[in-house]
1. Select from the range 130-140 the residues that are outside any strand (DSSP E or B) and either loosely packed, with under 13 Cβ neighbours inside 10 Å or modelled with pLDDT of 90 or more (or both) and write down the one among them that is farthest from the chain's Cα centre (by Cα).
2. Restricting to the range 108-129, what's the tally of residues that are hydroxyl-bearing (Ser, Thr, Tyr), under 20 Å from Phe83 (Cα atoms) and either touching an Asp or Glu at 6+ places or on another chain (Cβ under 7 Å) or part of a strand (DSSP E or B) (or both)?
3. Among the numbered criteria (1) in a strand (DSSP E or B); (2) farther than 21 Å from Arg27 by Cβ; (3) in contact with a helix residue (DSSP H, G or I) (Cβ under 9 Å, 6 or more places away or on another chain), which single criterion is violated by Lys88?
4. Could you check, for the range 46-60, whether at least one of its residues is closer than 29 Å to His123 by Cβ, out of contact with any Phe, Trp or Tyr (no Cβ under 7 Å at 6 or more places or on another chain) and not aromatic (Phe, Trp, Tyr)?
Amino acid sequence: MQIFFSYDKKLVIQALRYHFINRSEVRLLMILVNLFAIFSAALFYFHKVSPLAFLLSSVLWIALMISFWFILPNTVYKKASTFKDTFKMTFGEHRVRLENERGFTEWNWEKFASYIESPHFIHLYFDSKSFFLVPKNALEKDGNLESLRRLLHEKIGKKK
């Protein structure tokens, strides 16, 4: 199966958000900060803490949400030249081949640890932090999305 694609910045940013929020340490941190914000709001409501303490906890919560929602995904997008290229990707029986005008790379299926699907991409994970985004719209054009899902299930076997 062969697909051709380039990336849409808005969709990539959304996929990066999806990746960061699905990481267990980020999710735990967000839960803890949200609990801290609720706790500080309750303490402020019952006049147990000063308005300044409540304001500082609110600023911490807002800063964390802004960093995970805007700063982190945009920073990763800007640093990665990959998202500005056009690609040809071939999914074979033994390997995946990725090509652009500068060259190509191939990965045996064993290189992939897992995969997940987000609304617009399939994330092929090499490890917990390294992944490659495959746009679903490139697969849907030719009706290959279900075929790739079956191939991924067969070759990688597990969703994250």
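1. As a first pass, look at the range 130-140 and keep what is outside any strand (DSSP E or B): 130, 136-140.
Next, from what is left, pick out any that are either loosely packed, with under 13 Cβ neighbours inside 10 Å or modelled with pLDDT of 90 or more (or both): 130, 136-138, 140.
Values: Ser130: 10, Lys136: 14, Asn137: 17, Ala138: 18, Glu140: 20 Å.
If we take residues in the range 130-140 being outside any strand (DSSP E or B) and either loosely packed, with under 13 Cβ neighbours inside 10 Å or modelled with pLDDT of 90 or more (or both), then Glu140 is farthest from the chain's Cα centre (by Cα).
2. 2
3. (3)
4. Taking every residue of the range 46-60 in turn, none turns out to be closer than 29 Å to His123 by Cβ, out of contact with any Phe, Trp or Tyr (no Cβ under 7 Å at 6 or more places or on another chain) and not aromatic (Phe, Trp, Tyr).
Per-residue answers, yes or no, for (1) touching a residue at least 12 places away in the same chain (Cβ under 8 Å); (2) in a helix (DSSP H, G or I); (3) more than 16 Å from the chain's Cα centre (by Cα); (4) not assigned by TED's automatic domain parsing to the domain that holds Val134:
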residue	(1), (2), (3), (4)
Leu16	yes, yes, no, yes
Arg27	no, yes, no, yes
Ala37	yes, yes, yes, yes
Ala42	no, yes, yes, yes
His47	no, no, yes, yes
Leu52	no, yes, yes, yes
Glu93	no, no, yes, no
Phe104	no, no, yes, no
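The values are calculated or read from the model by the stated rules, or taken from the named source; none is laboratory data. The structure presented is a predicted model; accordingly, all values stated were derived computationally and were not measured. A quick note on method: Cβ atoms are made from the backbone with ideal geometry, for glycine too, and the neighbour counts reach across all protein chains shown.
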